[in-house]
Amino acid sequence: MNTRWNPNATTVAGGKGEGNELNQLSHPRGLDIDYDGTLYIADSGNHRIVEWKKNATAGRIVAGGNKGAGVDQLNDPTDVVIDHRNNSLIIADSQNRRVVRWPRENGRFGQILISSIRCWGLAMDYDGNLYITDMFANEVKLWNSTSNGATLLIGEHGKGDQLNQLNRPHFIFVDENESMYIADLDNNRVMLWQKDEKQGIIIADAKGRGKNPIQLASPAAAFVDRLGIVYIVDGMNNRVVRVFKGIERRSEIVVGNNGQGNHANQLYFPQDLAFDAENNLYVVDGSNNRVQKFSILS
């Protein structure tokens with residue numbers, strides 16, 4: 001609970017301006033990190049998934065790279081999840097309205113798992129089931145790894161700000177109890193949706209929308225650690241905050257909050273976050289076209 005990170009980050013991917021060279025990114029969105037520190041980045045503007053090894057100066061294209069709807073192409077991929085069981089990547093191929101599985105080793109094309117879905121965020125539980133947010137239908141669907149079918153978990157009540165509704169859900173996190181933490185972007189809140197419940201619980205919300213730690217503005221992603229502390233990418237406030245469980249739900253700023261910019265202690269509309277095995281914090285700094293590593297201090 002007392003963990004702190006260096007407020008000045010190191011750029012570990014991109015940061016060379018917007019572009020399609022192997023040392024550049026273009027509007028990166030989702031991120032996953034492997035056990036060895038290898039990053040997999042949904043390089044949305046370049047229509048590709050990039051693998052970035054630890055301490056590498058450039059990435060490697062492992063999926064897509066040429067815009068289109070073919071089985072060997074992607075169109076605005078927004079998220080990527082490592083599927084270790086199948087040694088593959090699961091990709092939210094947003095503009096193609098599909099979720100695809102792409103082999104990690106020498107993968108030349110993807111297999112369509114779900115079609116006709118404007119997917120955005122992905123999460124996988126311990127049984128290999130996949131949770132998908134549909135930002136435009138304001139839904140969350142579950143793809144069962146056994147039956148290969150998708151069922152609606154959230155969304156039957158349509159768009160809105162009630163406890164049984166969402167408004168442009170972004171990224172999603174699923175814990176060991178199969179509880180869902182959803183960044184409810186346009187409602188400026190993060191929702192906890194416990195398994196089989198018909199409505200969610202507000203973990204953090206706008207409170208009038210502002211820059212105090214308790215306030216959020218277009219939250220894009222959430223992560224929950226083993227203590228139940230919720231880390232939130234607070235997009236339009238250009239920072240990461242965390243919320244401690246308890247009656248008062250105390251909040252504090254983790255990194256950022258130095259205004260919009262491209263300095264080492266600044267972010268510009270961050271999109272996603274992840275932690276490595278040493279608990280270093282990685283943030284997809286979307287509008288700066290880079291991934292930032294905030295090293296753990298204590």
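Shape class of region 13-172 from the Cα gyration tensor (axes a ≥ b ≥ c, square roots of the eigenvalues): prolate, since a/c reaches 1.5 or more and a/b is larger than b/c. Of Gly235, Leu152, Asn86, which is farthest towards the positive pole of the chain's charge dipole, taken about the Cα centre with +1 and -1 on the beta-carbons of Lys, Arg and Asp, Glu respectively? Value computed over the given set: Gly235. With a Cα cut-off of under 16 Å and a minimum spacing of 8 residues unless on different chains, the lysine pairs in the chain number 7. Can you pull the percent of region 26-75's accessible area that's carbon plus sulfur, 1.4 Å probe, other chains left in place? On region 26-75, the fraction of accessible area on carbon and sulfur atoms equals 46 percent. Which residues does the label zone of Ile296 cover in region 1-40, counting backbone N under 11 Å from a point 7 Å along Cα→Cβ? What the label zone holds, given the 11 Å backbone N cut-off, is 1, 3-5.
Taking a ≥ b ≥ c as the square roots of the Cα gyration tensor eigenvalues, with a/c under 1.5 meaning rounded and otherwise prolate when a/b beats b/c, else oblate, which class fits region 42-94? Can you show the working numbers first?
Working: a/c = 1.98, a/b = 1.21, b/c = 1.64.
Oblate.
Which of rounded, prolate or oblate describes region 102-145 when judged by the alpha-carbon gyration tensor and an a/c cut-off of 1.5? It is oblate, given that a/c is not under 1.5 and a/b is not larger than b/c. A simple spin-label model places the labels of Glu252 and Ala264 2.3 nm from each other, with each point 7 Å out along Cα-to-Cβ. A quarter of the convex hull surface defined by the alpha-carbon atoms of the chain gives 13.9 nm² as the mean projection. When +1 charges are put on Lys and Arg Cβ atoms and -1 charges on Asp and Glu Cβ atoms, the dipole computed for region 185-298 relative to its Cα centre reaches about 260 debye. Heavy-atom accessible area with a 1.4 Å probe sorts Leu142, Leu166, largest first, into Leu142, Leu166.
Applying the criteria of a DSSP loop state and at most 10 other Cβ atoms within 10 Å to the GluC sites (Glu not before Pro) of region 240-298 yields Glu248, Glu278. With the contact rule set at Cα under 8 Å and sequence spacing of 6 or more, what percent relative contact order holds for the chain? Once normalised by length, the contact order is 16 percent. Solvent-accessible area assigned to carbon and sulfur over region 111-250 amounts to 44 percent, based on a 1.4 Å probe.
Each principal axis of the Cα cloud of region 221-278 was evaluated for its coordinate range; sorted largest first, these ranges are 34, 29, 16 Å. All other residues whose Cβ lies under 11 angstrom from that of Cys119 are scored, Lys and Arg at +1 and Asp and Glu at -1, for a net of -1. Each label point is 7 Å from the Cα along the Cα-to-Cβ direction; what then is the distance between the points at Arg226 and Asp161, in nm? Reported label-point gap for Arg226 and Asp161 is 3.8 nm.
Once the chymotrypsin sites (Phe, Trp or Tyr not before Pro) in DSSP loops with at most 12 neighbouring Cβ atoms within 10 Å are cut out of the chain, the longest remaining piece is 127-298.
Summing +1 for each Lys or Arg and -1 for each Asp or Glu, what net charge is found among the other residues whose Cβ lies under 12 Å from the Cβ of Asn86? That works out to +1.
The values are calculated or read from the model by the stated rules, or taken from the named source; none is laboratory data. These numbers were taken from a predicted model, which means no experiment stands behind them. FYI the Cβ positions are ideal-geometry reconstructions off the backbone, even for glycines, and counts take in every protein chain you see. Only protein heavy atoms, including side chains, enter the accessible area calculation; ligands, DNA and RNA are left aside. Shrake-Rupley method; radii C 1.70, N 1.55, O 1.52, S 1.80 Å.
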